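The values are calculated or read from the model by the stated rules, or taken from the named source; none is laboratory data. What you are looking at is a predicted structure, and each value in this text was computed from that prediction instead of being measured. So basically every Cβ, Gly included, is an ideal-geometry build from the backbone, and we count neighbours across all protein chains shown.
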Amino acid sequence: MIKLSTIFLSLFISIFCFSQQKNSSVWVADNGDGTYKNPVINADYSDPDVIRVGDKYYMTASSFNCIPGLPILESNDLVSWKLIGYGLKKLVPETVFDKPQHGNGVWAPCIRFHNNSFYIYYPDPDFGIFMINSNKANGPWSSPILVKS
């Protein structure tokens, strides 16, 4: 009798648990008919900056104290975006950022393209304005250079 009740209890729990599951799906802003729905990017990309190079768009955004930092996204239409890399491997000065620094670090970056190179300038409110560059948007990116303290 105990065995039978254990089987029924297990069956009940299994049915209950599986019936409560929801299938998650990836957010897609493109409706496939020339229209889109907001949000275009269903994620938190604070202080985005976008440029167009040829027929592609590139975006970066604040990453604060998160590493890898400075996400680089690419799009053909400003609706469908793909994460293609990160501009920062480490925050400088490393002796400061080897411990969590909530809210510190990279704020409001600016991405530009000039003479076949990508440049990202970003301010760190505590240390100054830094610059990184790369010949390709997906990297590799240079180490940060302090351009103004």
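Miscellaneous remarks
- Criterion: modelled with pLDDT of 95 or more and part of a strand (DSSP E or B) - qualifying residue of N138, N133: N133
- All conditions in (1) exposed (fewer than 14 other Cβ atoms within 10 Å of the Cβ); (2) more than 28 Å from N31 (Cα to Cα) hold for K82, with the sole exception of (2).
- Of all residues in segment 75-86, those satisfying the criterion of being touching a residue at least 12 places away in the same chain (Cβ under 8 Å) and either farther than 30 Å from F127 by Cβ or more than 11 Å from the chain's Cα centre (by Cα) (or both) are S75, N76, D77, L78, V79, S80.
- Residue satisfying condition, being touching a helix residue (DSSP H, G or I) at 6+ places or on another chain (Cβ under 9 Å), farther than 14 Å from Y119 by Cα and either at pLDDT 95 or above or in a loop (DSSP other than H, G, I, E, B) (or both), within set L78, L91, L83: L91
- Residues in segment 37-53 that are part of a loop (DSSP other than H, G, I, E, B) and loosely packed, with under 14 Cβ neighbours inside 10 Å: K37, N38, P39, N42, A43, D44, S46.
- Among (1) in contact (Cβ under 8 Å) with a residue 40 or more places away in the chain; (2) surrounded by fewer than 18 Cβ atoms within 10 Å (Cβ to Cβ); (3) more than 21 Å from D44 (Cβ to Cβ) - the single one V96 does not satisfy: (1)
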